[in-house]
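Participant: Okay, handing you the structure first.
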Amino acid sequence: MTDAPATLPPMTLLIAAPRGFCAGVDRAIIIVERAIEKYGAPVYVRHEIVHNKYVVDGLKAKGAIFVESLDQVPDGVPVVFSAHGVPKAVPAKAEQRGLDYLDATCPLVSKVHRQAERQVDAGRHILFIGHKGHPEVIGTFGQVPEGTMSLIETVEDAEAFTPANPDNLAFLTQTTLSVDDTAAIVATLERRFPTISAPKGEDICYATSNRQTAVKAIAAKCDAVYVIGAPNSSNSLRLVEVAEREGTPARLIQRAADIDFDWLANVRTLGLTAGASAPEILVREVVERIGMRFAVVEQQVETAKETIAFKLPRGLETA
Ligand code: SF4
């Protein structure tokens, strides 16, 4: 027998919108699914296609095999490159081996790759604002010759960087950074190097900035915020930071099983959002689990509408 709702303590859930899947993640998942339909299982995927265990496990069940290196892909089997992008050396090596490969790099990451090439062609040294070790950063560094790009992670790095030629610099950024932190780093670079070349448009993608704006809009009204996402998902981690900066305790959880009900003991308004690689089904799972302990009232708080969709690679449109 379950408790009657009236006996449960009240809980208002403010659910941020936009949240969850972005167009790049959607496209990457469809590419793997269509590749399996077209070629048959198994299809190899280099690196987690997107940073979400639920998604990766779902694709494994359909016949995807995830590996970290091209060396782990047997001859004659198709391979998909993840949404985060890869260094140029990776498709080159796949071609050398005669492998069929499909590139699920998000078009907004590819756009940064092309900008990096153009800046190096123009003879500029690039300061790349990003997080060391993230696959997107490794992929972008791999677009240009060694020594033509330096990583800037913090305002301190921006203050300390000593260029060979301060009048011949450009900056670019990872797509999934904190909008506010990046603005502070860019301001430092532009103060120190007034002639630094900036990207034409914003490199931080629409999905990252929309999700940050949305969580900012709910955080101040909440006692606590849960962000659904993976610990290696850059944009999800940034959502936790944005909520905390509004003065609201925030935590990252992967699934409903991670909910800490002790932490929610004094919470009457809980904010909920999800990183760009977390599917909506996980949001519903969390809402339902909270509904087992609280009389939940859901309110969606929408700060933007997203209508962007990216084309699939040729040959996969109708697999
Ligand atoms: S978060 Fe942005 S850059 Fe990354 S896959 Fe989504 S749309 Fe593309």
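Participant: Along the charge dipole of the chain, Cβ charges K/R +1 and D/E -1, which of A214, L312, N52 sits furthest on the positive end?
Facilitator: L312
Participant: Using only the alpha carbon atoms of the stretch 158-242, find the Kirkwood hydrodynamic radius as the inverse mean reciprocal pair distance, in angstroms to one decimal. Walk me through the numbers before you get to the answer.
Facilitator: Values: mean 1/r = 0.0688 Å⁻¹.
Over the stretch 158-242, the inverse of the mean reciprocal pair distance is 14.5 Å.
Participant: For the stretch 39-85, which whole-number percentage of the solvent-accessible area (1.4 Å probe, protein heavy atoms only) is attributable to carbon and sulfur atoms?
Facilitator: Answer for the stretch 39-85 is 53 percent, counting heavy atoms of protein chains only.
Participant: Take every Cα-Cα distance within the stretch 107-192, group them into 10 Å bins from 0 onward, and report for each bin the whole-number percent of pairs it holds.
Facilitator: For the stretch 107-192, the binned pair fractions read 18, 54, 27, 0 percent.
Participant: Relative to the compact-globule scaling 2.2 N^0.38 Å, provide the ratio for the alpha-carbon radius of gyration of the stretch 23-103.
Facilitator: Working it through for the stretch 23-103, the quotient is 0.98.
Participant: A follow-up question, please. What percent do you get for the relative contact order of the chain when only Cα pairs under 8 Å and 6+ apart count?
Facilitator: 27
Participant: List the chymotrypsin sites (Phe, Trp or Tyr not before Pro) within the stretch 208-270 that DSSP assigns to loop and that have no more than 11 neighbouring Cβ atoms inside 10 Å.
Facilitator: Counting only loop positions with at most 11 other Cβ atoms within 10 Å, none of the chymotrypsin sites (Phe, Trp or Tyr not before Pro) in the stretch 208-270 qualifies.
Participant: Within the set K60/K132; K62/K216; K200/K305; K111/K216; K60/K93, which residue pairs have Cα atoms separated by over 31 Å? Don't skip to the end; give the middle numbers.
Facilitator: Working: K60/K132 28 Å; K62/K216 37 Å; K200/K305 24 Å; K111/K216 27 Å; K60/K93 24 Å.
Pairs exceeding the cut-off: K62/K216.
Participant: Further, regarding this structure: Once the Cα atoms of the stretch 1-148 are picked out, what are the Rg and Dmax in Å?
Facilitator: Answer for the stretch 1-148, Rg first and Dmax second: 19.8, 72 Å.
Participant: What number results when the radius of gyration of the stretch 157-312, computed over Cα atoms, is divided by 2.2 N^0.38 Å?
Facilitator: The stretch 157-312 yields a ratio of 1.24.
Participant: Determine by what factor the alpha-carbon radius of gyration of the chain differs from 2.2 N^0.38 Å, reporting the quotient.
Facilitator: The reported ratio for this selection is 1.08.
Participant: How do the peptides 172-183, 64-75 rank, highest first, by the average count of neighbouring beta carbon atoms within 10 Å per residue?
Facilitator: In descending order of packing, they fall as 172-183, 64-75.
Participant: Contact order normalised by length for the stretch 1-117, with contacts defined as Cα pairs under 8 Å and 6 or more residues apart; what percent is it?
Facilitator: Computed over the stretch 1-117, the figure is 25 percent.
Participant: How much length is gained if the chain between K111 and K60 is pulled fully straight, taking 0.36 nm per residue apart and subtracting their Cα-Cα distance, in nm to one decimal?
Facilitator: 15.4 nm
Participant: Then there is this: How far is helix 23-39 tilted off the main Cα axis of the chain, in degrees rounded to 10, range 0 to 90?
Facilitator: Long axis of 23-39 versus the principal axis of the chain: about 80 degrees.
Participant: If we sort 159-166, 35-42 on the protection proxy, mean other Cβ atoms within 10 Å, highest first, what's the order?
Facilitator: Going from most to least packed, we get 35-42, 159-166.
Participant: May I ask you to evaluate 6.51 cos²θ - 1.76 cosθ + 1.60, the Karplus curve with θ = phi - 60°, for each residue of the stretch 228-234 and list the ³J(HN,Hα) values in order in whole Hz, giving x for glycine and proline?
Facilitator: Each residue's phi maps through the Karplus curve to give 8, x, 8, x, 9, 8, 4 Hz.
Participant: Using Cα-Cα distances under 8 Å and only pairs 6 or more residues apart, what relative contact order does the stretch 107-192 have, in percent?
Facilitator: About 39 percent, as a whole number.
Participant: In whole angstrom, note down how far apart the Cα centers of the stretch 8-76 and the stretch 232-253 are.
Facilitator: Between the Cα centre of the stretch 8-76 and that of the stretch 232-253, the gap is 22 Å.
Participant: Could you tell me which of rounded, prolate or oblate describes the stretch 42-85, using a ≥ b ≥ c as the square roots of the eigenvalues of the alpha-carbon gyration tensor, with rounded for a/c under 1.5 and, failing that, prolate when a/b is larger than b/c and oblate otherwise?
Facilitator: Verdict is oblate for the stretch 42-85.
The values are calculated or read from the model by the stated rules, or taken from the named source; none is laboratory data. These numbers come from a predicted model, not from an experiment. Every residue, glycine as well, gets a Cβ built from its backbone with ideal geometry; the counts of neighbours run over all protein chains shown. Please note that ligands, DNA and RNA were not included when accessible areas were found on the heavy atoms of the full protein model with its side chains. Shrake-Rupley method; radii C 1.70, N 1.55, O 1.52, S 1.80 Å.
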